[in-house]
Each structure stands twice: as structure tokens, then as C-alpha cells.
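Trainee: Could you have a look at this structure, given as C-alpha cells, before my questions?
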Amino acid sequence: MSELPTETAVPVHVGIDVSKARLDVCLLPGGQALSVDNTDDGVAQLVATLKQHPAAVALVLLEATGRYERRVASEMLEAGFNVAVVNPRQARDFARALGKLAKTDRIDARTLAEFARLGHARTCEKQPENRVLLDDLVTRRRQVTQMLASEKVRAQVPQDKATRAMIAKVIRLLEQQREDLDRRIAELIESDDDWRNKRDLMSSVPGVGDNTASQLIADLPELGKLNRQRIAALAGVAPVNRDSGTMRGRRMIFGGRATVRRALYMAAFSAMRCNDVIRGFAERLRAAGKAFKVIVVACMRKLLAILNVMIRENQPWTPRPALQNA
């Protein structure tokens, strides 16, 4: 008598809805739900629970929620699980596509688990400790710069001398903090051969300074690893088609990484003045009657493509034909 074939365990997909205090978890296909504290002990409990599950965990999917997801994502990667962190907009659009209009933490966790079952989410790689530190420093510098700009605007309003003196004191403090952050970022990049090389390559391009290079190293580690279409889409400077039937809609950029886009925006403005390749490109677009915003975005995209080629080929700046056609 032949033996019956053993059933193959169905892979488990895990969705985790992250908040500041709690982690709501859903496991599919079984539908098991649990909730733990978003603390070291709570995350350790969750990791132990998933490791003891009889079926293999195929993917753990979370939303990016203001950095509260960092601890659990890092611990899951450390434990050997495949982890994906998705944009909350993508998860919400997926829920609407399923007809789920209600929104609770448990519903969101199940939706994320269903999203994970599609298999389209890009998995994360374990980040070195220095990369996390660099990201924190660059983010803090951006915050300080924004606060500094706000305080300088406020300094022009009050007539009271004491109030102006208070604002001036805050400005001096923020400027000192920015200088300290610049020094720490420079020291951190100098300590890593790969980062130092990338910074030197990018800052050799007229219009790209050390701060822009540091921002791209922190926020766009894929630079040099993708083709120009994919890197432009990742940064959010690729025009998106809006066609339906015979209608041809206006192409517009959408999505991507806002921090990278802001860094490229300022660099493109500078390059349009002092970089012969970018300036010539902008002048051709202007002669063709393109709108100013279209010209700036096109220059951002071309500058990004040039940097992508330079990092991939490990070549410093030179206005050679290969870069002009990037």
C-alpha cells in the first residue's frame, strides 16, 4: 500500500502595523493576529513567536511610519527573515483596491499581510551601523536647516529689541549645530572608503557640493547600481504617463524620494549656471519653448543620470560625450 503524500506547508506572510507604542501583527493564510509593545521586549517576543511557527515565514511587510518601524525591521533582518518596508500610500491604495474603506490597526495589519502575499514588495537589506548613523545625521542637518530658515524669516518681523535678541540667539545656536553636524558627517564619510570615493566623484561635478553628495550617499544608496530609468523613478524625477484611449495627458513627475528630489533641485539650479553640460542642455530646452519648471526637472533628471554613470564607472567628472548623452 503506497503512502499518502505529505502536505507541503504553506509559506506564511506577515503584516505588521507599526505605531509608536504597539505592533499589530497578522499572519496569513491562517489569519492569526497578535499585538505586542513596540519595545525591545515586545519585538523579541514577536521574533520568538515567528521562529516557533510551524510553517516558514516567506516575508514580513511593514509600513514606513516615521522611523518607528526601524527597530522591528532591524531585529527581523537580524533574525534572518525577509523584510519589506513599503510606502503607506501604497498600502492604503491597495486596501482601497480591495474595497476596504474602514481603517483600524488590525485591519491594516491584515491588509499588509495580503500585500505581502502578492510578492511585489522589494525586500530590504541589512544596513551597516554607520549607514544608520549617517542617515540620522543627514536627517538632523536637514531639520536644523529648515528651522534656521524659519527663524531668519521670523527675525524680520518683531519690532521689540528683546524679541529680536532672542531670535538671534536661537539662530546662532542652530548655526553652531549645523556646523557640528557638517563636521560629524564629513568625519563619518572620511572613515568609509566607499563613501569617501563616492563623495569625491560626485563633488567633482560643477554644481554638486559636499552637502548634496552626503545627502545622496545617505538617501540614495542605489546610485550606480540601477539604469537611468529606474534611478530616475526611484528619485521621483521620471515623468509619468497619463493616457487613456485617444487622450494623451500631460506628463508629470510623481512619487519617489522627496529628500533626494530636494537635493537634486538645488544642485540643478547651481549646475544650470556653472556646469557647461547642464547649462547647454537647459538652453536647448528653453529655445524649444519649454516651461521653466519642465527645464529644471529635466536638468535634475540629467544630473542624476550623469552621477549614476560616474558612480557605476568609478570615473570623475569630465564633460565627455558619454556623460552628455546620459
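The values are calculated or read from the model by the stated rules, or taken from the named source; none is laboratory data. Since the structure is predicted, the reported quantities are computational estimates derived from the model, not experimental observations. Counting neighbours? That spans all protein chains shown, and the Cβs are built from the backbone with ideal geometry, glycine included.
Trainee: Among residues belonging to region 118-171 that are out of contact with any strand residue (DSSP E or B) (no Cβ under 6 Å at 6 or more places or on another chain) and among the hydroxyl-bearing types (Ser, Thr, Tyr), point out the one that is nearest to Asp193 (Cα to Cα).
Mentor: By that ranking, first place goes to Thr139.
Trainee: While we're here: If you go through region 10-30 one residue at a time, do you hit one that is of a type in the set (S, T, N, Q) and more than 25 Å from Phe94 (Cβ to Cβ)?
Mentor: No, every residue in region 10-30 fails to be of a type in the set (S, T, N, Q) and more than 25 Å from Phe94 (Cβ to Cβ).
Trainee: Test of understanding: among Ala271, Ala287, Ala267, Ala298, which residue is within 20 Å of the chain's Cα centre (by Cα) and assigned by TED's automatic domain parsing to the domain that holds Asp210?
Mentor: Numbers: Ala271 fails: within 20 Å of the chain's Cα centre (by Cα); Ala287 fails: within 20 Å of the chain's Cα centre (by Cα); Ala298 fails: within 20 Å of the chain's Cα centre (by Cα).
Exactly one residue qualifies, and that residue is Ala267.
Trainee: Those residues that are within 16 Å of the chain's Cα centre (by Cα), in contact (Cβ under 8 Å) with a residue 12 or more places away in the chain and outside any loop (DSSP other than H, G, I, E, B), I need them from region 225-252; list them, please.
Mentor: The initial filter retains those residues of region 225-252 that are within 16 Å of the chain's Cα centre (by Cα), namely 225-226, 230-238.
Subset that is in contact (Cβ under 8 Å) with a residue 12 or more places away in the chain: 225-226, 231-238.
Ile231, Ala232, Ala233, Leu234, Ala235, listed by residue number.
Trainee: State yes or no: is Ser150 touching a residue at least 40 places away in the same chain (Cβ under 8 Å), closer than 22 Å to Tyr265 by Cα and more than 23 Å from the chain's Cα centre (by Cα)? Step through it out loud before you land on a result.
Mentor: Numbers: touching a residue at least 40 places away in the same chain (Cβ under 8 Å): no; closer than 22 Å to Tyr265 by Cα: yes; more than 23 Å from the chain's Cα centre (by Cα): yes.
So Ser150 does not fit the description; no.
Trainee: Sticking with this one: Given the structure, is Val309 surrounded by 19 or more Cβ atoms within 10 Å (Cβ to Cβ), farther than 30 Å from Gln143 by Cβ, at pLDDT 90 or above and out of contact with any Asp or Glu (no Cβ under 6 Å at 6 or more places or on another chain)? Steps first, please.
Mentor: On the way: surrounded by 19 or more Cβ atoms within 10 Å (Cβ to Cβ): no; farther than 30 Å from Gln143 by Cβ: yes; at pLDDT 90 or above: yes; out of contact with any Asp or Glu (no Cβ under 6 Å at 6 or more places or on another chain): yes.
When the stated conditions are applied, Val309 does not pass them.
Trainee: Restrict the check to region 153-166 and report whether at least one residue is modelled with pLDDT under 95 and touching a Leu at 6+ places or on another chain (Cβ under 7 Å). Full working, then the answer.
Mentor: Let us first name the residues in region 153-166 that are modelled with pLDDT under 95, namely 153-166.
Now restrict to residues that are touching a Leu at 6+ places or on another chain (Cβ under 7 Å): none.
No, region 153-166 has no match at all.
Trainee: Within region 90-115, which residues are assigned to a helix (DSSP H, G or I), closer than 20 Å to Arg22 by Cα and small (Gly, Ala, Ser)?
Mentor: Those that are assigned to a helix (DSSP H, G or I), closer than 20 Å to Arg22 by Cα and small (Gly, Ala, Ser): Ala91, Ala109, Ala113.
Trainee: Consider Leu118 carefully, then state whether it is loosely packed, with under 13 Cβ neighbours inside 10 Å, modelled with pLDDT of 85 or more and closer than 20 Å to Ala58 by Cα. Let's see the steps before the verdict.
Mentor: On the way: loosely packed, with under 13 Cβ neighbours inside 10 Å: yes; modelled with pLDDT of 85 or more: yes; closer than 20 Å to Ala58 by Cα: yes.
Yes: the conditions hold for Leu118.
Trainee: Can you pull out every residue in region 22-67 that is of a type in the set (A, V, I, L, M), part of a loop (DSSP other than H, G, I, E, B) and either within 23 Å of Leu133 (Cα to Cα) or at pLDDT 90 or above (or both)? Outline the logic, then answer.
Mentor: First, pick out the residues of region 22-67 that are of a type in the set (A, V, I, L, M): 23, 25, 27-28, 33-34, 36, 43-44, 46-48, 50, 55-62, 64.
Retained after the next criterion (residues that are part of a loop (DSSP other than H, G, I, E, B)): 55-56, 64.
Once the filter is applied, which keeps residues that are of a type in the set (A, V, I, L, M), part of a loop (DSSP other than H, G, I, E, B) and either within 23 Å of Leu133 (Cα to Cα) or at pLDDT 90 or above (or both), region 22-67 yields only Ala64.
Trainee: With respect to Thr123, is the statement that it is under 19 Å from Leu27 (Cα atoms) and within 20 Å of the chain's Cα centre (by Cα) true? Talk me through it step by step, then tell me what you get.
Mentor: Values: under 19 Å from Leu27 (Cα atoms): yes; within 20 Å of the chain's Cα centre (by Cα): yes.
Yes, satisfied.
Trainee: Has region 81-89 got at least one residue that is assigned by TED's automatic domain parsing to the domain that holds Gln52 and in a helix (DSSP H, G or I)? Break it down stepwise before answering.
Mentor: Within region 81-89, the first condition is being assigned by TED's automatic domain parsing to the domain that holds Gln52, and the residues that meet it are 81-89.
Narrowing further to those that are in a helix (DSSP H, G or I): 88-89.
The answer is yes, given that some residue of region 81-89 is assigned by TED's automatic domain parsing to the domain that holds Gln52 and in a helix (DSSP H, G or I).
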